[in-house]
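Notes for the one structure printed next.
No value in this document is a laboratory result; all are computed from the given coordinates. Not measured: the values here are computed from a predicted model. Ideal geometry is used to build each Cβ from the backbone, glycine not excepted, and the neighbour counts take in all protein chains shown.
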Amino acid sequence: MLVLISGSIFSARSEESPPRPDISRKEIVSRFRGRVPRQWAENVSGVKTRLDTYRKVIALTLDACDSGDDGYDTGLIRYLVRERIPATLFICGRWIDKNPDIFKQLAANRLFEIENHGCRHKPSSVTGQSMYGIKGTANPGEVFDEIGKNGQKIRQLTGRQPKYYRSGTAYYDEVAVEIAGVMGYQVVGFSVLGDKGATYSASQVKAALLTAEPGSIVICHMNHPEKETAEGIIAAVPELKKRGFRFVRLSEYNLK
Ligand SMILES: [Zn+2]
């Protein structure tokens, strides 16, 4: 009944599979064996795309990916720190391995919360679907490894268990999203495509951010300092503040 009242058909699925953060790989493999996904997209059943509020708040989420040529956008992070703008950072395991000292600094800054962007930056599939030329996880066991290994890494380094997951490329099938849910994660998409994988010009980033509405989740990237993401964010923030918006971390609201 709750499901009907809330009007969300998608919450039914997660209620069928209560979180079990201690679940083993073996249990995941046996429970999800033979499940055939029907969806493959960024916004499949179960993916959260907004904060559940009408308040004028925006969640800025920044991905730190592993795509081979990744850096660290010092200028962007310095700006957020200087302006006291909180953000949720989705960090990939390989990026952590390449930038251990920076990771520690980010994790120690209470403005930021560190979340799970996968161990090897894989699209989240139970059948090996590819996206943007990156081969996804091939089966439920690989989904478990991709999420679980990076979760463990983050927990060991920060003492805190991440609670949100965004896959490499942000693509999923709905079975993989369900697996993440059983593992104790909410899967987080976005409602504002802020920098299109760090390919937007500064003016495109600014224009995208200015479409934000109360409760929007914005996705941008912090691993391409050579691109114009930071410039666009820095241009948009004062205008958004003027419009009465403030920035929050994902964990400050329920997601929907
Ligand atoms: Zn990424």
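Amide H contacts of residue 255: 52, each under 5 Å away and 5 or more positions distant or on a separate chain (H built 1.01 Å from N in the peptide plane; Pro and chain starts excluded).
If you average the C-alpha positions of region 149-197 and of region 198-234 separately, how far apart do those two centres end up, in angstrom? Cα centres, region 149-197 to region 198-234: 20 Å.
Grab the Cα-Cα distance for residue 84 and residue 43, subtract it from 0.36 nm times how many residues apart they are, and report the gain in nm with one decimal. Don't skip to the end; give the middle numbers.
Values: separation 41, 0.36 × 41 = 14.76 nm, distance 3.03 nm.
Net length gain for the segment: 11.7 nm.
Ranked by the mean number of other Cβ atoms within 10 Å of their residues, highest first, the peptides 245-256, 91-102, 176-187, 226-237 fall in the order 176-187, 226-237, 91-102, 245-256. Dividing the mean sequence gap of close Cα pairs (under 8 Å, 6+ apart) by how many residues the chain holds gives a relative contact order of 30 percent. Entry for region 2-252 at q = 0.07, 0.11, 0.14 Å⁻¹: log10 I(q)/I(0) = -0.22, -0.55, -0.91, Debye formula applied to identical alpha-carbon scatterers, no solvent contribution.
Taking 23 Å as the cut-off for C-alpha to C-alpha distance, list the pairs among 56/256; 56/122; 98/153; 104/149; 163/206; 122/149 that go past it. Write down the numbers at each step before the final one.
On the way: 56/256 16 Å; 56/122 33 Å; 98/153 13 Å; 104/149 18 Å; 163/206 29 Å; 122/149 13 Å.
The answer is 56/122; 163/206.
Applied to region 204-211, the Karplus parametrisation 6.51 cos²θ - 1.76 cosθ + 1.60 on θ = phi - 60° returns per-residue 3J(HN,Hα) values of 5, 4, 4, 4, 4, 5, 6, 8 Hz, with x for Gly and Pro. With semi-axes defined as the square roots of five times the eigenvalues of the C-alpha gyration tensor, the equivalent ellipsoid of region 94-208 measures 22, 21, 13 Å, largest first.
For the chain, what does the helix formula give at 222 nm: sum of -39500 (n - 2.57) over DSSP H segments with n ≥ 4, over the residue count, nearest 500 deg cm²/dmol?
Working: 10 runs with 94 residues, N = 256.
Only helices count here, giving -10500 deg cm²/dmol.
Can you bin region 26-65 into rounded, prolate or oblate? Criterion: square roots of the alpha carbon gyration tensor eigenvalues sorted a ≥ b ≥ c, rounded for a/c under 1.5, prolate for a/b above b/c, oblate for the rest. Prolate is the answer for region 26-65, as a/c is 1.5 or above and a/b outweighs b/c.
Using θ = phi - 60° in the Karplus curve 6.51 cos²θ - 1.76 cosθ + 1.60, the 3J(HN,Hα) couplings for region 243-256 round to 7, x, 7, 10, 9, 9, 7, 3, 5, 7, 9, 6, 9, 9 Hz; x is entered for Gly and Pro. Extent along the principal axes, Cα only, for region 31-114: 48, 38, 23 Å, with the longest axis given first.
State to the nearest 20 debye the size of the charge dipole of region 2-252 about its Cα centre, where the only charges are +1 on K and R beta carbons and -1 on D and E beta carbons. Provide the component values of the computation, followed by the final result.
On the way: 36 positive and 29 negative charges, 106 e Å.
Dipole about the Cα centre, nearest 20: 500 debye.
Ordering 220, 235, 248 by Cα displacement along the dipole of region 199-256 toward the positive end leaves 248 in first place; charges were set at the Cβ atoms of Lys, Arg (+1) and Asp, Glu (-1).
Across region 132-137, rounded Karplus estimates of 3J(HN,Hα) from the backbone phi angles (6.51 cos²θ - 1.76 cosθ + 1.60, θ = phi - 60°) give 6, x, 9, 6, x, 4 Hz, Gly and Pro being marked x. Straight-line reach from residue 227: taking Cα to Cα under 19 Å and skipping same-chain neighbours fewer than 8 places apart, the aspartates and glutamates in range are 63, 66, 69, 70, 73, 195.
Is region 145-203 best put as rounded, prolate or oblate by its Cα gyration tensor, with a ≥ b ≥ c the root eigenvalues, rounded for a/c under 1.5, and otherwise prolate when a/b is larger than b/c, oblate when not? Don't skip to the end; give the middle numbers.
On the way: a/c = 2.59, a/b = 1.54, b/c = 1.68.
Verdict is oblate for region 145-203.
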